[in-house]
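Student: What follows is a single structure, and I will ask about it in a moment.
The values are calculated or read from the model by the stated rules, or taken from the named source; none is laboratory data. Remember, it's a predicted structure, so these values are computed and weren't measured experimentally. With ideal geometry, Cβ positions are generated from the backbone for all residues, glycine too; neighbour counts draw on all protein chains shown.
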Amino acid sequence: MQWSTVLTTLLGPAMAFMLSTLFTIWWTRRNRVQAQWAVEVLGVKMPHGMLETSLELTGRESPDASFQLQNVGDGAAHAIQVAGVRCRAHFIEQETNPGLMSFRDFRLTENIAHLPTGGVAAVLVWFEGGRPNDDVEREVQVSWLDPPTRLSKRRVQRIDPMDYNDYLRIL
């Protein structure tokens with residue numbers, strides 16, 4: 001029996017198995033479903049003045065910037081959080097039936113548990129320490145859990161709120 005024949009017979013399939021395993025791991029990691037965000041200027045679909053009345057009841061002034069995030073990825077986003085750097089950022093959610101809207105139906109929150117593909121979340125931003133047109137650099141950080149969520153790996157997208165300071169074009 002020749003050792004070269006034995007080594008070739010054993011090493012050939014072992015190398016093929018190893019390469020196949022590495023390719024499979026890379027391919028499944030590369031092609032997993034993920035959330036991806038599209039950001040656009042917010043147009044709030046509600047009767048004129050309703051959001052302002054809701055904000056007055058909560059003791060807040062009109063926001064300096066607003067935008068909406070849409071999940072355009074191929075997977076749902078989980079445990080979405082919004083935070084501001086030199087600003088305050090909050091999601092605005094409707095609490096009750098969309099058909100029966102009143103000025104008390106909205107709440108501000110920094111967390112959303114789940115946003116499916118195609119889902120939209122509105123973000124309102126209040127600037128701190130200055131006027132909206134000053135030279136202070138501000139950013140809104142949107143973070144969410146990357147799948148699988150049990151690993152608790154967060155992804156972060158940074159957004160410049162100065163790009164969206166037209167404030168609430170009420171439709």
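Student: Out of everything in region 125-147 that is polar (S, T, N, Q) and modelled with pLDDT of 80 or more, what residue ends up being surrounded by the most Cβ atoms within 10 Å (Cβ to Cβ)?
Tutor: Ser143
Student: Could you check region 69-93 and list, in sequence order, the residues that are within 22 Å of Asp146 (Cα to Cα) and of a type outside the set (A, V, I, L, M)?
Tutor: Scanning region 69-93 gives Gln70, Asn71, Gly73, Asp74, Gly75, His78, Gln81, Gly84, His90, Phe91.
Student: Within region 19-36, how many residues are farther than 26 Å from His78 by Cα and not hydroxyl-bearing (Ser, Thr, Tyr)?
Tutor: Adding up the residues that qualify gives 3.
Student: Test each condition in (1) more than 30 Å from Gly129 (Cα to Cα); (2) at pLDDT 85 or above for Cys87 and report the one that comes out false.
Tutor: (1)
Student: If you scan region 76-95, which residues turn out to be on the phi < 0 side of the Ramachandran plot and among the small types (Gly, Ala, Ser)? If you could, list the steps in order and put the result at the bottom.
Tutor: Let us first name the residues in region 76-95 that are on the phi < 0 side of the Ramachandran plot, namely 76-78, 80-85, 87-95.
Across region 76-95, the qualifying residues are Ala76, Ala77, Ala83, Gly84, Ala89.
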